[in-house]
Amino acid sequence: QVQLVESGGGLVQPGGSLRLSCLASRSMFRFSAMGWHRQAPGKQRELVASITSGGATTYVDSVKGRFTISRDVVKNTVYLQMNSLRPDDTAIYYCNKAQIPYNAWGPGTQVTVSL
C-alpha cells in the first residue's frame, strides 16, 4: 500500500498563495492519474485538480486560472500551487489517485484563508 503525506498548508490572507506537496512512498505516477482533493467543513470531499501519467491537467471550475498541479516523477512528489486564494478555498487538502480505487488517504494538510 502506498503511503501519501501532504504538507505545505497553513493560514493565509485572501489573495495569498500556498504551495502544497505530496510525497508518495513509492512511485505511483507512471500509470496513475493523480489528484488533489479537498474537504471543507460540512461538505463532501471533491477533486479540484488532476494530472495524468502523460502530464495532462484538469481543474474544477472554481480553481481554474488560480491553481496549478504538477509532479516530479523522480521525487515521487505531486504539487499544488495555489494563487489568489479565497475564503471558500478553506479546507483540508489531500492527494490521492484522481479516481477510484483510491489508495489509503493520508492525513491531509489544512489550508485556511482568512483575514
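Tell me the relative contact order for the stretch 1-57 as a rounded percent, counting alpha carbon contacts under 8 Å between residues six or more apart.
26
If I model the chain as equal point scatterers sitting on the Cα atoms and use the Debye formula, what is log10 I(q)/I(0) at q = 0.12 Å⁻¹?
-0.36
What residues have an amide H closer than 5 Å to that of S53, excluding those fewer than 5 places away on the same chain, when H is modeled at 1.01 Å from N in the peptide plane?
When sequence neighbours closer than 5 places are left aside, the close amide H contacts are A33.
Report the FRET efficiency, 1/(1 + (r/R0)^6), for E46 and S25, where r is their Cβ-Cβ distance and R0 is 35 Å, rounded to 0.05.
0.90
Could you tell me, in Å, what Rg and Dmax come out for the Cα atoms of the stretch 12-61?
Just the Cα atoms of the stretch 12-61 yield Rg and Dmax of 13.2, 37 Å.
What are the lysines whose alpha-carbon lies under 30 Å from the alpha-carbon of K75, with same-chain residues fewer than 8 places away excluded?
K64, K97
How high is the relative contact order of the stretch 12-88, in percent, with contacts defined as C-alpha pairs under 8 Å that are six or more residues apart? Let's see the in-between values first.
Numbers: 131 pairs, mean separation 31.7, N = 77.
In percent, rounded to a whole number, it is 41.
Using the Cα atoms as the points, what is the convex hull volume per residue of the stretch 47-115 in Å³?
104
In what sequence, largest accessible area first, do F31, F67 appear using a 1.4 Å probe?
The ranking, largest first, comes out as F31, F67.
List every residue whose amide H lies under 5 Å from the amide H of R86, counting only residues 5 or more places away in sequence or on a different chain, with H placed 1.01 Å from N in the peptide plane.
G15
The values are calculated or read from the model by the stated rules, or taken from the named source; none is laboratory data. Note that the coordinates shown come from a computational prediction; the quantities given were computed from them, not determined experimentally. Don't worry about glycine lacking a Cβ; one is built from the backbone with ideal geometry, like all the others, and counts go over all protein chains shown. Note: areas computed on protein heavy atoms with side chains; ligands, DNA, RNA excluded. Shrake-Rupley method; radii C 1.70, N 1.55, O 1.52, S 1.80 Å.
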